[in-house]
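Colleague: Structure provided below as structure tokens; questions to follow.
All of the numbers you see were taken from the coordinates with simple rules; none came from a lab. It should be emphasised that the depicted structure is a prediction, and the values quoted were computed from it without experimental measurement. Cβ sites come from the backbone with ideal geometry, for glycine too, and all protein chains shown count toward neighbours.
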Amino acid sequence: MLSPQNLESIEVLKTRYQSPQSVVLEALWMWQDEHGWISEDGMKYVANLLQVPYHHVYGVVTFYTMFNTRPVGKYKVEICTNISCMLRGSRKIIGCLERKLNIRLGETSPDNRFTLMEAECLGSCGTAPMMQIGDEYYENLDVLRVEKILGELK
Amino acid sequence: MLLPKIPGLEQIDQYESRGGYGILRKALSMNPGEIVDVVKKSNLRGRGGACFPTGLKWSFMPKNSAKPKYLCVNGDESEPGTFKDRQIFESNPHLLIEGTIIACYAMGCATAYVYIRGEYNKWIKMLQKAVDDAYGRGYIGENILGSGFSTNVYLHRGAGAYICGEESALMNSLEGERGYPRVKPPFPAQFGLWGCPTTINNVETIANVPLIMQLGWEAYSKIGSPKHPGPILVGVSGHVNKPGVYEMATGELLTDIIEKYAGGVVGNKKIKAIIPGGSSTMILRGEAIEGVRMDADSLKAAGSAVGTAGMIVMDEDTDLIEVITRITKFYYHESCGQCTPCREGTGWMFKLLKRFENSEAREGDIELLLDIANNIEGNTICALGDAAAWPVQSMIQRFRDEFEKRVMNSAATVGSMEAVA
């Protein structure tokens with residue numbers, strides 16, 4: 001289910017496009033924001049809501065990397081390892097995160113607080129190395145700063 | 001001019017007090033065709049990577065169309081090394097909005113979609129606020145400033161896919177599809193969004209439009225390099241003291257950009273290599289950038305391209321095999337999977353490069369790698385295949401010794417192992 005507020009927004013969004021199918025991504029975002037990840041139920045719900053085939057929604061969800069197709073921790077920590085960040089020490093930041101959170105890249109902590117992921121370039125090359133947690137960008141990272149940020153999240 | 005250092009410019013009051021939206025008023029009093037002509041004569045070239053003449057692109061749009069016409073503003077910004085559009089959303093969003101409305105008026109578009117990568121949600125919210133404020137003052141919506149012209153501006157959030165920066169993939173994504181590039185022709189100006197005439201322009205390109213209207217095409221065309229004029233946002237990253245986005249006229253020397261803008265190389269080390277315009281552009285040897293300028297012609301002559309002007313500087317201690325392996329991994333990850341040469345080839349290249357990275361490369365692997373790259377290039381629906389091939393081809397061409405070392409090392413390793421046995 002989506003909240004009444006989101007359902008109302010979807011009706012507004014539908015008026016902006018020639019086809020309700022255009023709202024699929026936004027509806028999936030809403031589902032993910034409300035539920036944390038997009039389950040099969042979520043996909044079926046969105047398909048039904050926008051009157052598009054379920055297989056189409058499935059195809060969309062699995063194409064875009066930001067949609068979680070399985071549960072993730074409360075904090076999804078995504079660290080950029082692309083070239084500009086790599087040149088400025090993202091590997092060290094990963095090492096620090098793995099040690100501090102006691103999980104490896106791609107894993108979720110047993111208490112479901114943290115999921116650690118590798119990300120492709122997040123457009124923060126001038127402030128590398130960086131990581132994203134939720135909507136927030138954490139830039140110009142060094143080990144001390146990472147420890148401080150994690151401390152504040154706990 | 002694109003990013004003036006004026007505090008609070010992202011606020012509509014401050015933007016208006018600096019004359020903002022005055023150019024829109026002027027533009028709306030002109031004939032739409034005149035505006036297309038002005039942009040054409042200004043020689044503005046797209047800032048999204050291909051440097052295509054913007055006015056010419058606009059002129060492809062049919063003047064009379066029974067179907068609605070659309071403008072898509074491309075803010076997918078995902079090319080590694082590129083982080084300029086983000087600065088526009090953050091510091092000067094109204095310039096982008098003003099440019100968007102002028103572009104819509106010039107081409108007769110009743111709707112503009114600004115497509116922004118999903119990761120930039122924070123910046124989407126910033127731009128949305130600016131859009132809401134502009135609606136509030138009557139710069140967007142019905143009968144704009146009493147001109148009789150109406151248009152809407154909608155933001156559309158992506159969800160993590162580099163390929164959606166490719167214009168036809170972007171349209172598919174807007175239609176709620178997977179981000180698969182379309183076969184061209186038909187071109188977007190004839191058959192774009194929902195089969196309607198559509199133009200897709202990069203964020204920075206659109207932000208240049210009010211400047212052209214303000215200065216006039218003649219003055220604008222004299223900024224920087226004559227064949228590729230205007231202000232350009234250059235993002236410098238990697239081993240420099242002051243990485244960041246710098247605004248300059250086109251045609252600056254690359255060496256000046258590194259020294260004067262970005263504060264030189266960290267630790268005063270020598271430059272081993274630079275990638276001048278985002279990870280897709282061909283890598284240049286450090287000593288080869290002397291005299292090369294940040295414009296389309298100069299970089300083309302040097303054997304590379306302006307791309308998105310996202311310049312990545314690598315010092316003498318950089319492991320270039322590691323660099324090219326990481327770049328290739330990116331394209332492997334981002335290939336949409338439609339075309340076999342790209343879907344399979346990027347993976348094969350990555351696998352081979354891993355052998356080099358681990359000093360396990362075999363005799364003939366350099367040729368094999370090159371052969372795969374050459375067979376991806378030009379054999380795919382969109383330019384992602386080329387974008388994956390060019391870095392590999394140029395790296396082998398310009399730093400072959402780096403590859404050979406890893407082959408020799410592995411041969412030496414095998415040799416010593418045999419001796420032990």
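Colleague: How many percent of all Cα-Cα pairs in the range B:136-292 sit more than 19 Å apart?
Modeller: Everything past 19 Å amounts to 70 percent.
Colleague: Taking the Cα centre of the protein assembly as shown as origin and charging only Cβ (+1 Lys, Arg; -1 Asp, Glu), how large is the dipole, in debye to the nearest 20?
Modeller: The calculated dipole for the protein assembly as shown is roughly 600 debye.
Colleague: Along the charge dipole of the protein assembly as shown, Cβ charges K/R +1 and D/E -1, which of A:Leu49, B:Leu28, B:Ser78 sits furthest on the positive end?
Modeller: It is B:Leu28, whose Cα lies furthest towards the positive end.
Colleague: Just list whichever of B:Lys260/B:Lys329; B:Lys5/B:Lys300; B:Lys84/B:Lys125; B:Lys41/B:Lys63; A:Lys76/B:Lys122 have alpha carbons separated by over 21 Å in the model shown.
Modeller: In this structure, B:Lys260/B:Lys329; B:Lys5/B:Lys300 exceed 21 Å between Cα atoms.
Colleague: Rg and Dmax of chain B, using alpha carbons, in Å: what are they?
Modeller: 22.8, 88
Colleague: If you rank B:Thr328, A:Thr127 by fewest surrounding Cβ atoms within 10 Å, what's the result?
Modeller: A:Thr127, B:Thr328
Colleague: What trypsin sites (Lys or Arg not before Pro) in the range B:264-339 are in a loop by DSSP, with at most 16 other Cβ atoms within 10 Å of the Cβ?
Modeller: B:Lys269, B:Lys270
Colleague: Using only the Cα atoms of chain A, what are the Rg and Dmax in Å?
Modeller: Considering chain A through its Cα atoms, Rg and Dmax are 17.7, 50 Å.
Colleague: Continuing with this model, one more query. What percent antiparallel are the DSSP beta bridges of chain B, to the nearest 5?
Modeller: 45 percent
Colleague: Among B:Cys336, B:Val392, B:Ala373, whose Cα sits farthest toward the positive end of the charge dipole of the range B:320-417 (+1 at Cβ of Lys/Arg, -1 at Cβ of Asp/Glu, about the Cα centre)?
Modeller: Value computed over the given set: B:Cys336.
Colleague: Suppose every K and R has +1 on its Cβ and every D and E has -1 on its Cβ; what is the size of the dipole of the range A:66-154 about the Cα centre, in Debye to the nearest 20?
Modeller: Its charge dipole is roughly 260 debye.
Colleague: Any idea what the relative contact order of the range A:62-154 is, in percent, if you count C-alpha pairs under 8 Å spaced at least 6 apart?
Modeller: Relative contact order here is 34 percent.
Colleague: Here is a further query. List the residues whose amide H sits under 5 Å from the amide H of B:Glu252, counting only those 5 or more places along or on another chain, with H placed 1.01 Å from N in the peptide plane.
Modeller: Close amide H contacts, sequence-distant or interchain: B:Met294.
Colleague: Could you pull out every residue, at least 5 positions away or on a different chain, whose amide H is within less than 5 Å of the one on A:Lys74? Hs are placed 1.01 Å off N in the peptide plane, and Pro or chain starts have none.
Modeller: Hits under the 5 Å cutoff: A:Arg113, A:Phe114.
Colleague: Additional query: What is the spread of the Cα atoms of the protein assembly as shown along each of their three principal axes, largest first, in whole Å?
Modeller: Principal extents (Cα only, largest first): 87, 58, 47 Å.
Colleague: Which lysines have a Cα less than 23 Å from the Cα of A:Lys44, not counting those fewer than 8 places away in the same chain?
Modeller: Qualifying lysines at Cα under 23 Å: A:Lys14.
Colleague: Membrane-span-like helices in chain B: DSSP H runs reaching 18 Å or more (Cα, own axis), mean Kyte hydropathy at least -0.5?
Modeller: Correct list, ordered by number: B:93-107, B:203-215, B:320-334, B:384-398, B:400-420.
Colleague: Please order B:Val266, B:Val209 by the number of other Cβ within 10 Å, starting at the fewest.
Modeller: Sorted ascending by nearby Cβ count, the order is B:Val266, B:Val209.
Colleague: Still on this structure, please answer the following. Need one value for A:133-142: mean number of C-beta atoms belonging to other chains within 10 Å of its residues' C-beta atoms.
Modeller: 2
Colleague: Report ³J(HN,Hα) in whole Hz for each residue of the range B:258-264, in order, from the Karplus equation J = 6.51 cos²θ - 1.76 cosθ + 1.60 where θ = phi - 60°; Gly and Pro get x.
Modeller: 5, 7, 7, 8, 8, x, x
Colleague: Now for a separate question. Could you work out, residue by residue across A:113-121, how many beta carbons of other chains sit within 10 Å of that residue's beta carbon, and then give the average as an integer?
Modeller: So the per-residue partner count for this stretch is 3.
Colleague: On to the next question. Please state the shape class of the range B:156-212: rounded when a/c is under 1.5, otherwise prolate if a/b exceeds b/c and oblate if not, all from the C-alpha gyration tensor.
Modeller: oblate
Colleague: Based on Cβ point charges of +1 for Lys and Arg and -1 for Asp and Glu, what charge dipole magnitude is obtained for chain A about its Cα centre, in debye rounded to the nearest 20?
Modeller: 460 debye
Colleague: A further question on this structure: Take every Cα pair under 8 Å in chain B that's 6+ residues apart, average their separations, divide by the length, and report that relative contact order as a whole percent.
Modeller: 16 percent
Colleague: While we're here: Rounded, prolate or oblate: pick one for the range B:12-222, where a ≥ b ≥ c are the square roots of the eigenvalues of its C-alpha gyration tensor, a/c under 1.5 means rounded, and failing that, prolate if a/b is larger than b/c, else oblate.
Modeller: Since a/c stays below 1.5, the shape of the range B:12-222 is classed as rounded.
Colleague: Normalised by the number of residues in the range B:233-315, what is the relative contact order in percent for Cα pairs under 8 Å and 6+ residues apart?
Modeller: Answer for the range B:233-315 is 37 percent.
Colleague: Here's something else I'd like to know. Classify the range B:295-410 as rounded, prolate or oblate, taking a ≥ b ≥ c as the square roots of the eigenvalues of its Cα gyration tensor: rounded when a/c is under 1.5, otherwise prolate if a/b is larger than b/c and oblate if not.
Modeller: Judged from the Cα gyration tensor, the range B:295-410 comes out oblate (a/c at least 1.5, b/c at or above a/b).
Colleague: Can you find, among A:Leu25, A:His35, A:Pro4, the residue farthest towards the positive end of the dipole of the range A:4-63? Put +1 on the C-beta of Lys and Arg, -1 on that of Asp and Glu.
Modeller: A:Leu25
Colleague: Please list, in order along the range B:309-316, the HN-Hα scalar couplings obtained from phi with the Karplus expression 6.51 cos²θ - 1.76 cosθ + 1.60 (θ = phi - 60°), rounded to whole Hz, x for Gly and Pro.
Modeller: Calculated HN-Hα couplings, in order: 6, x, 9, 10, 9, 10, 7, 4 Hz.
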